[in-house]
Structures are given as structure tokens and as C-alpha cells.
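J.: Would you mind keeping the following structure in view while I ask a few things?
Each reported figure results from applying straightforward, stated rules to the coordinates on display, with no laboratory input. Everything quoted here is computed from the prediction, not taken from an experiment. Cβ sites come from the backbone with ideal geometry, for glycine too, and all protein chains shown count toward neighbours.
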Amino acid sequence: MGKGPNGPGRAEVAEGTFPIRYVTIHGHQIGYRQGGKGPVLLLLHGIAGSSRTWIPAMELLQEDYTVVAPDFLGHGRSAKPAGDYSLGNFANLMRDLMIVLDIERATVVGQSFGGGVAMQFAYQFPDRCERLVLVDAGGLGREVNWILRLITMPGAEYVMPVLFPGVARRLGDRIIRLAERAGFHNVPTTEVWRSYRSLTDSESRLAFVRTMRSVIDPGGQSVSAMDRLYLAERIPTLIVWGRKDRIIPLSHANEALRTAPHSRLEVMAGVGHFPQSEDPAGFVTILKDFLRTSKPSTFSAEDQRDRLLRGAG
């Protein structure tokens, strides 16, 4: 199982309801949170995020499901090597994590960049994917927030230390604590701050740029799953989107539904890019209804071959 900070095995660090545990895969430390019992839900976060974003939903899901939320390489408590930050490599790592944790199959739930990884996972390992849940997911269209496009410009990594100084981390933490003590707690702002805060660390910053450039260029999202959604035809698919998302537009969800009419779309009013933390109760209600009313997919190599030969048409 590898070693964590507290010794061999699945070492834990005290941190709320779902403490971080560690395993070592391919020589790299992977942090993850796990709890609950029942069918497995693999919860994947977005760029510059971490497994922490899933904690509010995990607390509501743990009674009926085993919830597993990893930190991607380059994110959160996981290692930040100079390596491959492509969707394919992340999907491979999620498969390997499942093997290490003795998980045969899971419903894969991905938010933002994690949605892109979830789709890649379903494409690469359909035998391990029971259902697919895309939450304000990347990889469904070209448009994306202009700030993310700007970060992919040549030389951005040399400017970012000025934009994300360590002093800002300390000041921001102090402001967030004061606001919470005063009773002011805005979840989208907190999520964005956590992302900004992670980028004040040089290793996280470099991993962030590598990850961004693997899926986004100055013109927008450069990787699309739209031409392969037909392969998930036999995998029950739920698309959840915040109507107020200002990072990835709702039009991507509508287009995905037209391309994959077997999917189900749920739009959450008054919610932005982080439904799982902005309205965890509403999000979990939608997710549980989908899980209750759909059956895990069955995989057939012959069927997959026929579908590939037939193509999207």
C-alpha cells in the first residue's frame, strides 16, 4: 500500500469527517478520502481543486454508498512530479487506484476537469465503469472562461509567481477566517479561493500549468469527447449543471444531451460551477435518484467492437 506521513499502509491525517489517506502508486504518493459502505462512487475534482470539494456531498452519501475521492497528481495532498498530466494518464491512475483499493467497479462522478477524466475513464475502461456522472464537465465544447485560456499562453508560468505570491495566501486565509466568524460564507468564493491558494505553491503551480495545457489552449478547450460519447451509450449517464456557471457554459450540457440522447440532464437553479459544494443536498438528491432508477452497465467486448465499427452514425 505504500507509506504515508504516519508510517506504512493507509496512513491517515486527522482532518474532519474524511481524513486524507495515502497510497503509493508508480512511486508517487496519492492522497484520497474514503468512507461509507455500499456501492462505490469515485468522485473526481477539477483543475486546481482537491478531494476536499466533495466532503459536503460525501457526508450525505456515506450512509448508502462507499465514497472515494482522490487528489489527482499535482493537486491537493498528492505528489506533484514533472510528468504526464494528460486525461489518459489521469484515467490510468484512477484505474490503478481502484485496483490498489480492491475496487472492481464504480460509478464515476467527475466535476469540471474531473468530468473530462471521468469520460476518458469510461472510454478506456468501460468494464470498470458502472455509471457516468458529469458535473459542469470539461471536454464537451470549445468555450471556457477567458482567464483559463490566458494561463495557457507561452510564458504564463513565469508571470504566475507574481500573481500568486505566498503573502496573498496568508492574507486570504485571514480574510476567509474573519468572514466565517462574522457569519459570511460564500461557497463559490471559497472554492475559487482554495484554487487560487493552491497556486501560491511553486510545485502546484507548475503542475497546474501542465494540466491546463493538456486540455486548453488560448482559443478554448482543445480536447473534446463529443465524437466518442456514443461509446457510452450502454453506460447510464447523468449530466448535472449549475445554471449560473460562469466557467463552462450550460450550452455544453445541452449539446451533450443532443449528441448522447440516452443521457439525463439536470440543471440546478441558483448554482454555479460547484454544485456538489454550493448545494450538496440538492446535488445528492439528484444523484441518489439517478442511482436508484438506473442499473449498472454491463460490458461486452463484442458489443464495444461493433459500436466502434459502426461509429457515431
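J.: Using Cα pairs closer than 8 Å and at least 6 residues apart in sequence, work out the relative contact order for the chain, in percent.
T.: Taking the mean separation of contacting Cα pairs over the length of the chain, I get 17 percent.
J.: On to the next question. Check each of the trypsin sites (Lys or Arg not before Pro) in segment 235-286 and keep only those in coil by DSSP with at most 16 other C-beta atoms within 10 angstrom; list them in order.
T.: Here the trypsin sites (Lys or Arg not before Pro) that fit, given the DSSP loop and packing criteria, are 243, 244, 246.
J.: How large are Rg and Dmax for segment 105-150 when only the alpha carbon atoms are used, in Å?
T.: Rg and Dmax of segment 105-150, Cα atoms, are 11.8, 38 Å.
J.: Report, in order of residue number, the helices in the chain meeting two criteria: a C-alpha extent of 27 Å or more along the helix axis, and a mean Kyte-Doolittle hydropathy of at least 1.6; treat each whole DSSP H run as one helix.
T.: none
J.: Under 25 °C and 0.890 mPa s, how fast does segment 69-131 diffuse according to Stokes-Einstein, given a Kirkwood radius computed over C-alpha pairs? Answer in µm²/s, whole number.
T.: 206
J.: Using alpha carbon centroids, what distance separates segment 282-311 and segment 187-265, in Å?
T.: Going from one Cα centre to the other spans 20 Å.
J.: Considering the chain as a Gaussian network with a 10 Å cut-off on Cα pairs, which listed residue, 127, 279, 227, attains the greatest mean-square fluctuation?
T.: Of the options given, 227 has the highest mean-square fluctuation.
J.: In segment 250-290, if every C-alpha pair distance is counted and binned at 10 Å from zero, what percent goes to each bin?
T.: Histogram of Cα-Cα distances, whole percents per bin: 27, 50, 23.
J.: Follow-up. Using amide H atoms built 1.01 Å from N in the peptide plane, name the residues 5+ places from residue 217, or on other chains, whose amide H lies under 5 Å from its own.
T.: Residues meeting the amide H criterion: 222.
J.: For segment 35-47, just list the computed ³J(HN,Hα) in residue order, Karplus coefficients 6.51, -1.76 and 1.60, θ = phi - 60°, integers in Hz, with x standing in for Gly and Pro.
T.: Taking θ as phi minus 60°, the curve returns x, x, 8, x, x, 8, 10, 9, 10, 10, 8, x, 4 Hz for segment 35-47.
J.: Which GluC sites (Glu not before Pro) from segment 84-166 combine a DSSP loop assignment with at most 11 other Cβ atoms within 10 Å?
T.: 104
J.: Which translational diffusion coefficient, to the nearest whole µm²/s, is obtained for segment 235-313 from the Stokes-Einstein equation, given a Kirkwood hydrodynamic radius over C-alpha pairs, 25 °C and 0.890 mPa s?
T.: Roughly 172 µm²/s, to the nearest whole number.
J.: If each DSSP helix of 4+ residues adds -39,500 (n - 2.57) and the sum is divided by the residues in the chain, what number results at 222 nm, nearest 500 deg cm²/dmol?
T.: One gets -12000 deg cm²/dmol as the mean residue ellipticity at 222 nm.
J.: For Cα pairs less than 8 Å apart in space and 6+ apart in sequence, what is the mean separation divided by the residue count of segment 233-305, i.e. the relative contact order in percent?
T.: Relative contact order comes out at 37 percent.
J.: On to the next question. With the radius of gyration and the Kirkwood radius both derived from the Cα set of the chain, what is their ratio Rg to Rh?
T.: 0.95
J.: Sticking with this structure for a sec: Ignoring solvent entirely, what values of log10 I(q)/I(0) come out of the Debye formula for segment 11-139 at 0.14, 0.21 Å⁻¹ when each Cα is a single scatterer?
T.: Ignoring solvent entirely, the Cα scatterers give -0.53, -1.32.
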